[in-house]
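Visitor: Before I ask anything, here is the structure I am working with.
The values are calculated or read from the model by the stated rules, or taken from the named source; none is laboratory data. Because the structure is predicted, anything quoted here is derived from the model rather than measured. Positions of Cβ are backbone-derived with ideal geometry, glycine not excepted, and every protein chain shown enters the neighbour counts. The accessibility values were calculated without ligands, DNA or RNA, using every heavy atom of the protein model including side chains. Shrake-Rupley method; radii C 1.70, N 1.55, O 1.52, S 1.80 Å.
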Amino acid sequence: MIYDLIEFQAFPFSYSLRFEDRVTLVRGDSATGKTFLYQMLEDLRMTKEYEAIRLFNYKTDNFHSSLAKMQKSFIVIDNADTILNEEDRKFINFEHSNQYMLFLRNCDGLNLSAGSFMVLCEKGKQITLEREIKF
Amino acid sequence: MIYIYTVKRDSEDWILRNDWYFNLYTCNQKFTEEEKSIVRKLDRAIVSDDMRIETKYGLGTVRNLSSGCKTCLNIIKNPGKTVSVEECGANVLDFVFQLDEIHIYMSRPERFHIREEVEICFNEKDIVFGRRGYENWWSEEYARRAESDL
């Protein structure tokens, strides 16, 4: 894992994101703050501590070839249902040096565990990742 | 009737990139009071007359709405288009399936509420009713895909 935990303040919110698997799908209802989180990570990645973060969304030029070059990175993909193809999904499965946080609903073709399926939860002003599948 | 297409088509009449289409085209049309109330319901955002929004994250423009909310507005404001709902959460799909005479693209099922009287046409041939019909159709579809090794 590149990061077990990502923590930062985005007033009035405080984020504490704990990861359980190399691949994390952030799902749940619309309007739970996924794209807002993505925008915060754009700034966070400019810090030394979080410089391994790499961000992709539907605006990224040459997305597929850029993704295929990634190693030892914490890769965040917004709009993943729209932009991921079969080859990208294979790359995610087999490039183990990377960790992934995907804003993605369709999990076809990905090797995942119960700890991969997460939702953003807001308690007070604290935002965390919680398992979507609870046994 | 809700028309669902399960195979992606590359056509000018299809909206597959909802954020992009909304930011460039849909958001340039004025919102009706009913559409503003949809935004309030789905994103808990208040839309002003000059198309700014206020949410718990702060102030912004309608371009800062969620992808799900943008998808919903793309469907309502572009009635001739087939719109992908692949990025929509259950809260948005609950609402979308209360609309009528809409065309949407979805490649897999999602769990959400559908009223029993809702008429759904899959791929311009199979007509079913309500959540039970929807779930049965997808069960059969997955059996077909397994047979075809898809």
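Visitor: Can you give me the number of residues within the range B:116-135 that are touching a helix residue (DSSP H, G or I) at 6+ places or on another chain (Cβ under 6 Å) and exposed (fewer than 12 other Cβ atoms within 10 Å of the Cβ)?
Guide: 1
Visitor: Select from the range A:78-127 the residues that are of a type in the set (V, I, T) and within 12 Å of chain B (Cβ to nearest Cβ) and write down the one among them that is nearest to A:E20 (Cα to Cα).
Guide: Step one: filter the range A:78-127 for residues of a type in the set (V, I, T), giving A:82-83, A:92, A:119, A:127.
Okay, now just the ones that are also within 12 Å of chain B (Cβ to nearest Cβ), so A:82-83, A:119, A:127.
Values: A:T82: 25, A:I83: 24, A:V119: 13, A:I127: 16 Å.
That would be A:V119.
Visitor: State the number of residues belonging to the range A:69-91 that are open to solvent by 40 Å² or more (accessible area, probe 1.4 Å), in a loop (DSSP other than H, G, I, E, B) and at negative phi.
Guide: 3
Visitor: If a residue must be in contact (Cβ under 8 Å) with a residue 24 or more places away in the chain and either open to solvent by 50 Å² or more (accessible area, probe 1.4 Å) or more than 14 Å from every other protein chain (Cβ to nearest Cβ) (or both), how many such residues does the range B:6-15 contain?
Guide: Taking the range B:6-15 as the starting set, the residues that turn out to be in contact (Cβ under 8 Å) with a residue 24 or more places away in the chain are B:6-9, B:11, B:13-15.
From the residues that got through so far, the ones that are either open to solvent by 50 Å² or more (accessible area, probe 1.4 Å) or more than 14 Å from every other protein chain (Cβ to nearest Cβ) (or both) too are B:7-9, B:11, B:13.
The number of residues fulfilling the criteria is 5.
Visitor: What residue, among those in the range A:44-59 that are farther than 22 Å from A:M1 by Cβ and open to solvent by 40 Å² or more (accessible area, probe 1.4 Å), is nearest to the chain's Cα centre (by Cα)?
Guide: Once the filter is applied, the top-ranked residue is A:Y58.
A quick yes/no check of all residues on (1) farther than 30 Å from B:E135 by Cα; (2) of a type in the set (K, R); (3) out of contact with any helix residue (DSSP H, G or I) (no Cβ under 7 Å at 6 or more places or on another chain); (4) part of a helix (DSSP H, G or I):
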{"site": "B:V7", "(1), (2), (3), (4)": "no, no, yes, no"}
{"site": "B:W20", "(1), (2), (3), (4)": "yes, no, yes, yes"}
{"site": "B:N23", "(1), (2), (3), (4)": "yes, no, no, yes"}
{"site": "B:E35", "(1), (2), (3), (4)": "no, no, no, yes"}
{"site": "B:R40", "(1), (2), (3), (4)": "no, yes, yes, yes"}
{"site": "B:D50", "(1), (2), (3), (4)": "yes, no, yes, no"}
{"site": "B:I53", "(1), (2), (3), (4)": "yes, no, no, no"}
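Visitor: With the structure loaded, tell me whether B:T82 is more than 30 Å from B:Y142 (Cα to Cα) and of a type in the set (V, I, T) or whether it fails that test.
Guide: Details: more than 30 Å from B:Y142 (Cα to Cα): no; of a type in the set (V, I, T): yes.
In short, no.
Visitor: On the basis of being surrounded by 12 or more Cβ atoms within 10 Å (Cβ to Cβ) and within 14 Å of another protein chain (Cβ to nearest Cβ), does A:T32 make the cut? Working first, answer last.
Guide: On the way: surrounded by 12 or more Cβ atoms within 10 Å (Cβ to Cβ): yes; within 14 Å of another protein chain (Cβ to nearest Cβ): yes.
For A:T32, the condition - surrounded by 12 or more Cβ atoms within 10 Å (Cβ to Cβ) and within 14 Å of another protein chain (Cβ to nearest Cβ) - is met.
Visitor: Can I ask one more? Among the residues of the range B:91-101, how many are more than 10 Å from chain A (Cβ to nearest Cβ) and surrounded by fewer than 19 Cβ atoms within 10 Å (Cβ to Cβ)? Walk me through how you get there before you give the answer.
Guide: Filtering the range B:91-101 for residues more than 10 Å from chain A (Cβ to nearest Cβ) gives B:96-101.
Add one more test, that the residue is surrounded by fewer than 19 Cβ atoms within 10 Å (Cβ to Cβ), and what stays is B:98-101.
So the answer is 4.
Visitor: Anything in the range B:39-90 that is away from chain A (no Cβ under 11 Å) and closer than 23 Å to B:W14 by Cα? List them, or say none.
Guide: B:V62, B:L73, B:N74, B:I75, B:I76, B:K77, B:N78, B:P79, B:G80, B:K81, B:T82, B:V83
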